[in-house]
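Here the structure comes first, spelled out in structure tokens, and everything after it is commentary.
Read-outs throughout are calculated quantities, based only on the coordinates presented, and are distinct from any laboratory measurement. What you see is a predicted model, and the numbers here were worked out from it, not measured in a lab. We place every Cβ from the backbone using ideal geometry, glycine too, and count neighbours over all the protein chains shown.
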Amino acid sequence: MCDEEISAWIVGRIPEGWFEGPPEVDCDSDEILVVGALDGPTDASRPPGESDAARIQRFREPTREQRMRIAQAAERRFGRRISWGASVGGERLLFTTLSIPVMTRLRLPERQVLDTLVGAGVARSRSDALAWCVRLVAKHEAEWIAELREALVRVGELRRKGPG
């Protein structure tokens with residue numbers, strides 16, 4: 001969850017007409033992810049038969065330099081990398097996202113789960129298998145995780161209000 005300062009700063013630098021409305025801005029301590037919705041398939045300027053993925057590519061190329069300038073300024077200001085993406089119709093494509101290594105200690109039973117996923121071809125490596133597990137939990141427990149995030153935001157607010 002990004003704080004309002006980061007979101008407002010990013011949204012304020014997005015050129016008018018890039019996206020249908022303000023982009024989604026999400027972040028953690030390493031990365032700020034900006035994903036904007038592009039005009040839909042009914043747009044008159046869209047070539048007939050153009051796929052959603054092709055529409056995203058048609059947006060990506062001409063905006064690259066300006067996105068890089070915004071990202072460099074944001075990185076200087078907030079000390080985090082900026083990643084970009086776009087969505088249209090049912091397609092969501094992330095252009096430049098980080099893949100951050102995370103250190104974890106797993107006991108034999110947990111490693112066996114990862115190794116089973118690798119052995120079965122579900123994942124290419126233990127790292128891939130662990131990422132697959134995290135995505136699965138996020139998908140099936142999305143409501144619960146959203147509640148946890150809301151609670152963390154509230155805890156942060158209370159800490160800021162608390163005694164100095």
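What cysteines in the chain have no other cysteine with a beta carbon less than 4.7 Å from their beta carbon?
CYS133
Sequence gap at least 6, Cα distance under 8 Å: using those rules, report the relative contact order of the chain to the nearest whole percent.
17 percent
For the residue pair SER51 and LEU94, what label-to-label distance in nm results when each label sits 7 Å from Cα along the Cα-to-beta-carbon direction?
2.1 nm
If the chain between ARG13 and VAL134 were fully stretched, how many nm would it gain, using 0.36 nm times the residue separation less the Cα-Cα distance? Display every interim value, and only then the final one.
Numbers: separation 121, 0.36 × 121 = 43.56 nm, distance 3.26 nm.
Length gained between ARG13 and VAL134: 40.3 nm.
From the residues MET68, PRO109, LEU136, which one has its Cα farthest along the dipole of the chain in the positive direction, the dipole being from +1 and -1 charges on Cβ of Lys/Arg and Asp/Glu about the Cα centre?
Toward the positive end, the furthest listed residue is PRO109.
So for the chain: antiparallel DSSP bridges make up what percent, rounded to the nearest 5? Write down the numbers at each step before the final one.
On the way: 8 of 15 bridges.
Of those bridges, close to 55 percent are antiparallel.
Rounded to the nearest 500, what is the 222 nm mean residue ellipticity of the chain from helices alone, with -39500 (n - 2.57) per DSSP H run of 4+ residues and division by all residues? Numbers along the way, then the final one.
Details: 5 runs with 84 residues, N = 164.
My calculation for the chain gives -17000 deg cm²/dmol from helical runs alone.
At a Förster radius of 22 Å, what calculated FRET efficiency corresponds to the Cβ-Cβ distance of LEU158 and GLU4, to the nearest 0.05?
Details: r = 17 Å, r/R0 = 0.77.
My answer for the efficiency is 0.85.
What whole number of Å gives the distance from the Cα centroid of the range 5-19 to the Cα centroid of the range 130-164?
25 Å
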